[in-house]
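Read through the structure below, which is laid out as structure tokens, and then see the notes.
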Amino acid sequence: SDSTASGPATHRAVIIEAAGDLARVRDDVPLPPLRDDEFLVRTEAVAVNPSDTKMRGNFVTDGGILGTDYAGTVVARGRLVTDVAIGDRVCGAQHAMNANEPLRGSFGEYNISAGRIWLKLPPSISTASGATFGAGISTAGIALKLLGLPLPDAPVEKPAYVLVYGGSTATATIAMQLLRLINMIPIATCSPKNAEQVKAYGAEETFDYKQPDCAAKIKAYTKNNLRFALDCITNVQTTTFCYAALGRAGGRYVSLDPFADHVAATRPTVKTGWVLGPSIFGDGSTWPAPYGRPPSDELRAYGEKLWTLAEGLVADGKLRPHPVKTLEGGLERVPEGMDMVKNGQFAGEKCVVLL
Ligand code: CO7
């Protein structure tokens, strides 16, 4: 029986020591014991997200493991686990730099499953590509909720446009596919060079945001009726742009980070929200304000539903991963990958480090 199996007491992982504020690889990082309802994954690939590069200063729990995204093979499971078997390939997300459980980041030789925020990978998806799903599915899923839109088990009856600002970002390629699956119609901003790819992920039309009249063009395309905007970039210019494109009756604006209040204040008929990725676990957030949150059973249940649905969609080929560029050579390359992501060297592709 594998019911008592567990991992080693320590493993190699990428941590942050608050004093130095630098990401570094250590060989002797404790691996928490497996609980009855958890399984253990030997990590084979991790993806670097822009958010990993922002876990500095007061986001850091001293000695905490960095990283959200992982994929690998199940090597042990607790006695209550029945939905995965030893040898299954899985991917998922971790709640990194959670002060209550700082050793649960994804950038380690082992990952312990977190709630239902994981899925079994079908043979059609490589482990490297699987490593990109964690933050992407979680972020896009929360965005749908904040937009007041359903999940793919209950598509809308009346399709409507959704502006996806930053159509070539990793969040957008997942969000646009989910929008199509719920019968909504994504339109997106991106550079002309990315237009074909953005359409391949679901955009009906793309708009070059560098053109001065771009927001007006979107307003005309949507006949001054656009009611939904998802801002995958989020700065003063992008919030202003989305507000200018939304139609006369207002609607919903959702961003990936806190947005500029002075822009939002200009249109009270626009409801707002911003995505806090790790809220998908339902265990709240210990990150500093305004990123702190109390636990939420509602979000926990939503996350479980989202990831259960996503597993089926990925298996059916209806939810495809973002393009990847891989770095070989193991966890040692994660700090380098983070620098490259920060400097924009992975634009349009997820940085995936192979272990
Ligand atoms: O989810 C979490 C936990 C779950 C359990 S934690 C959150 C995880 N999510 C992230 O870390 C992503 C958050 N997003 C961002 O940090 C930003 O929105 C950026 C802009 C960095 C997007 O990151 P992504 O990695 O998706 O994008 P990228 O670096 O690959 O850039 C893609 C494209 C660029 O090529 C530009 O496209 P074109 O078509 O315009 O050439 O995004 C575009 N872009 C901009 N567009 C307009 C980049 N910066 C842009 C800008 N304005 N300032």
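Projecting the Cα positions of Tyr243, Tyr110, Pro290 onto the charge dipole of the chain (unit charges on Cβ atoms of Lys, Arg, Asp and Glu, taken about the Cα centre) puts Tyr243 furthest along the positive direction. When shorter helices are ignored and each DSSP H run of at least 4 residues is given -39500 (n - 2.57), the per-residue value for the chain at 222 nm works out to -7000 deg cm²/dmol. Using Cα atoms only, what is the angle between the long axis of helix 170-181 and the major principal axis of the chain, expressed in degrees (0 to 90) to the nearest 10? Tilt relative to the chain: about 70 degrees. So if the hydrodynamic radius of region 82-182 is defined as the Kirkwood radius over C-alpha pairs, what does Stokes-Einstein give as its diffusion coefficient at 25 °C and 0.890 mPa s, in µm² per second? D = 159 µm²/s. Within the listed set Leu276, Leu22, Leu178, the Gaussian network model of the chain (springs between alpha-carbon atoms below 10 Å) gives the highest mean-square fluctuation for Leu22. Which distance in Å, rounded to a whole number, links the C-alpha centroids of region 8-25 and region 133-148? The two parts, judged by their Cα centres, are 29 Å apart. For region 227-258 and region 204-221, what is the separation of their Cα centres, given in Å? Rounded to whole Å, the Cα centres lie 13 Å apart. About its Cα centre, the dipole of the chain is roughly 1200 debye, where the only charges are +1 on Lys and Arg Cβ and -1 on Asp and Glu Cβ. Could you tell me how far the Cα centroid of region 163-183 sits from the Cα centroid of region 308-355, in Å? Comparing the Cα centres of region 308-355 and region 163-183, I get a distance of 17 Å. The Cα trace of the chain gives Rg and Dmax of 20.0, 65 Å, the first to one decimal, the second as a whole number.
Taking amide H as placed 1.01 Å from N in the peptide plane, the amide H of Glu17 sits under 5 Å from that of Leu22, Arg24, Gly63, each at least 5 places away or on another chain.
Of all beta bridges that DSSP places with both ends in the chain, some 60 percent have antiparallel geometry. To the nearest ten degrees, helix 133-146 and the longest principal axis of the Cα atoms of the chain are 40 degrees apart.
At the listed q of 0.18, 0.19, 0.22 Å⁻¹, the Debye profile of region 213-355, built from one uniform point per Cα, gives log10 I(q)/I(0) equal to -1.26, -1.25, -1.21. Placing +1 on the Cβ of every Lys and Arg and -1 on the Cβ of every Asp and Glu, with nothing else charged, gives region 190-299 a dipole about its Cα centre of roughly 500 debye.
For region 95-226, the residue among Tyr221, Met97, Leu144 whose Cα projects farthest onto the positive side of the dipole built from Cβ charges is Tyr221. For the chain, the relative contact order comes to 18 percent (Cα pairs under 8 Å, sequence separation of at least 6).
Any read-out appearing in this document is the output of simple, stated calculations on the displayed coordinates, not a laboratory observation. In this text the structure is predicted, and so the values were computed from the model without any measurement. Glycine gets a Cβ as well: all are built from the backbone with ideal geometry, and neighbour counts include every protein chain shown.
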